[in-house]
Amino acid sequence: MTIIDTRTPDPKRLIPGATGDWEVIVGMEIHAQVTSRAKLFSGASTEFGAEPNANVSLIDAAMPGMLPVINEECVKQAIRTGLGLKAKINHRSVFDRKNYFYPDLPQGYQISQYKHPIVGEGTVMVSVGPTKDGSFEEIEVGIERLHLEQDAGKSLHDQHPTMSYVDLNRSGVALMEIVSKPDMRSSEEAKAFLTKLRTILRYLGTCDGNMDEGSMRADVNVSVRRPGESFGTRCEIKNVNSIRFVGQAIESEARRQIAILEDGGTIEQETRLFDPARGETRSMRTKEEAHDYRYFPDPDLVPLVFDQAYVDALAAELPELPDEKKARFMSDFGLSEYDASVLVAEKAIADFFEQVADGRDGKTAANWVINDLLGALNKAGAVIEETPISPAQLGAIIDLIKDGTISGKIAKDLFEIVWNEGGNPNEIVESRGMKQVTDTGAIEKAVDEVIAANPDKVEQAKAKPSLAGWFVGQVMKATQGKANPQTVNALVKQKLEIED
């Protein structure tokens with residue numbers, strides 16, 4: 001297959017070497033575990049964290065005479081994913097046997113798809129950034145294919161001093177292997193692509209994307225070349241299990257290859273592993289070619305065939321995806337591209353925001369969700385599903401600001417109380433005397449006292465009107481933040497004879 005490179009080298013993406021600039025070329029093969037309660041060809045459970053070898057059927061253990069039966073839900077999930085990737089859905093696909101030996105592969109082969117996958121070419125639009133001005137660069141990453149295959153088991157090498165154990169709980173679990181085209185030109189682009197792909201899968205509900213549990217893993221293909229030259233020899237970095245490690249692995253491997261080439265050496269096509277502790281890749285084995293696996297159609301499985309009506313029915317049930325949701329948030333709520341991007345990054349965050357913004361100003365709701373809620377969650381090391389504040393509670397805080405019951409400063413204090421103690425924001429404001437002071441007479445008295453106590457500042461403020469803000473701050477402090485800020489500001493300027 002001939003791959004045509006259509007991207008013009010970007011000076012911002014080039015890596016400086018001792019003898020000139022280099023361009024890194026990145027493609028990925030992502031293994032995403034299908035969200036399904038049963039495995040691809042058996043009824044065994046896919047539950048994570050079960051006791052070793054608790055979720056193993058006779059089919060998964062490759063007992064003689066056992067025949068695989070396709071799980072239709074896994075087929076549907078693959079089609080849904082293909083639709084979400086704007087990819088071609090192939091009405092006819094074939095399962096093949098990929099032959100290789102490994103202790104945790106009981107059959108001695110993996111049931112996969114080779115020449116006839118269930119999903120063909122597609123595209124993913126990726127936003128790289130933001131830059132310092134909050135803008136993003138949009139790039140298009142092509143999808144080469146998506147095919148279904150079964151996972152292998154897991155070898156455990158640290159349970160016994162002289163033996164390795166095998167856990168077959170993962171054996172036979174359905175995987176979608178999503179193969180990208182070599183369209184990425186930096187570690188940042190690769191991380192942004194993997195982040196976007198995981199977001200799409202989570203929106204679709206076809207994979208939970210939990211890389212720390214192994215339900216999503218990336219094989220990263222890296223090569224380097226001089227700008228304008230043809231593709232170089234690639235090396236594959238296997239089973240990278242975090243987006244941060246993907247970026248580090250690409251940076252390390254690119255530097256390694258550049259150093260070899262600048263010394264006059266050649267790159268050997270091989271499979272490598274990334275060592276996060278040392279921040280470097282190391283050789284694992286010489287890269288296999290397709291013929292090494294001796295692919296042939298699995299004789300126990302007939303071709304998988306469905307019609308367009310089957311695909312259309314699944315398409316009709318798809319949820320709103322991140323790109324469409326982002327565009328709607330910008331249009332309906334007047335949000336910036338940055339704010340909308342943050343909110344749609346996780347479906348749970350987007351859903352939370354929409355509940356808060358229902359009937360309220362979208363920009364105000366976005367500011368509270370992004371700056372206060374997500375900021376507090378990040379500080380606590382928690383995720384949106386663990387938030388102690390509900391959309392109704394946050395919405396109530398915003399309503400109290402809007403109707404003048406509390407000031408913005410009091411609202412911050414109220415947020416902290418609700419975060420730590422829970423409760424109804426309206427009742428908390430009443431019971432703790434947190435209502436904003438709107439009595440002009442009381443505020444005027446506080447303004448007069450501050451001015452009388454600081455005659456030197458008064459003369460300075462008359463010469464430099466911007467110092468009026470100091471008086472406003474002192475009045476707010478004296479009233480414990482309860483005075484209406486707009487009223488305080490107006491009275492301070494009136495008393496100091498400062499014109500707007």
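Filtering LYS462, LYS493 for residues that are exposed (fewer than 14 other Cβ atoms within 10 Å of the Cβ), basic (Lys, Arg) and in a helix (DSSP H, G or I) leaves a single hit, LYS462. Do we find that ARG217 is at pLDDT 95 or above, in contact with a strand residue (DSSP E or B) (Cβ under 7 Å, 6 or more places away or on another chain), buried (at least 22 other Cβ atoms within 10 Å of the Cβ) and not in a helix (DSSP H, G or I) in this structure? Here the answer is no, as ARG217 does not meet what is asked. If you filter the stretch 117-146 down to residues that are acidic (Asp, Glu) and touching a Ser or Thr at 6+ places or on another chain (Cβ under 7 Å), you find that the one that is surrounded by the fewest Cβ atoms within 10 Å (Cβ to Cβ) is GLU138. Could you tell me whether any residue of the stretch 283-298 is modelled with pLDDT of 95 or more, over 30 Å from ASN221 (Cβ atoms) and among the charged types (D, E, K, R)? No: the stretch 283-298 contains no residue that is modelled with pLDDT of 95 or more, over 30 Å from ASN221 (Cβ atoms) and among the charged types (D, E, K, R). Report, by residue number, each residue of the stretch 262-300 that is under 32 Å from the mean Cα position of the chain (by Cα) and aromatic (Phe, Trp, Tyr). Selection gives PHE274 alone. Applying the criterion of at least 1 residues that are aromatic (Phe, Trp, Tyr) to the strands (runs of 3 or more DSSP E) found wholly in the stretch 228-310 leaves 270-275.
Each row is one residue, and each column tells you yes or no for (1) outside the structural domain of ARG285 (by TED's automatic domain parsing); (2) in contact with a strand residue (DSSP E or B) (Cβ under 7 Å, 6 or more places away or on another chain); (3) not aliphatic (A, V, I, L, M).
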position	(1), (2), (3)
PHE95	no, yes, yes
ASN99	no, yes, yes
PRO103	no, yes, yes
SER112	no, yes, yes
VAL128	no, yes, no
LYS132	no, no, yes
GLN150	no, yes, yes
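The set of residues in the stretch 92-107 that are surrounded by 17 or more Cβ atoms within 10 Å (Cβ to Cβ) and either out of contact with any Gly (no Cβ under 8 Å at 6 or more places or on another chain) or of a type in the set (Gly, Ala, Ser) (or both) comprises SER93, VAL94, PHE95, ASP96, ARG97, LYS98, GLN107. If you go through the stretch 211-239 one residue at a time, how many are in contact with a helix residue (DSSP H, G or I) (Cβ under 8 Å, 6 or more places away or on another chain) and within 30 Å of THR46 (Cα to Cα)? Residues meeting the conditions: 6. Of the candidates THR271, THR286, the single residue that is in contact with a Cys (Cβ under 8 Å, 6 or more places away or on another chain) and either in contact (Cβ under 8 Å) with a residue 24 or more places away in the chain or farther than 22 Å from GLY20 by Cα (or both) is THR271.
Evaluate the following for SER407: is it within 20 Å of ASP361 (Cβ to Cβ) and either touching a helix residue (DSSP H, G or I) at 6+ places or on another chain (Cβ under 9 Å) or not assigned by TED's automatic domain parsing to the domain that holds ASP358 (or both)?
Answer is yes for this residue.
Within the stretch 253-285, being surrounded by fewer than 17 Cβ atoms within 10 Å (Cβ to Cβ) and among the small types (Gly, Ala, Ser) holds for ALA259, GLY264, GLY265, ALA277, GLY279, SER283.
Scan LEU301, LEU374, LEU335, LEU343 and give me the residue that is outside the structural domain of VAL418 (by TED's automatic domain parsing), in contact (Cβ under 8 Å) with a residue 24 or more places away in the chain and of a type outside the set (Lys, Arg).
LEU301
Take ALA61 and decide whether it is farther than 30 Å from ALA315 by Cα and of a type in the set (A, V, I, L, M, F, W, C). Yes, satisfied. The single condition among (1) in a helix (DSSP H, G or I); (2) of a type outside the set (Lys, Arg); (3) buried (at least 20 other Cβ atoms within 10 Å of the Cβ) that ASN371 does not satisfy is (3).
The values are calculated or read from the model by the stated rules, or taken from the named source; none is laboratory data. Note that the structure is a prediction, hence the values are computed from the model and not measured. Virtual Cβ from ideal backbone geometry, glycine too; neighbours counted across all protein chains shown.
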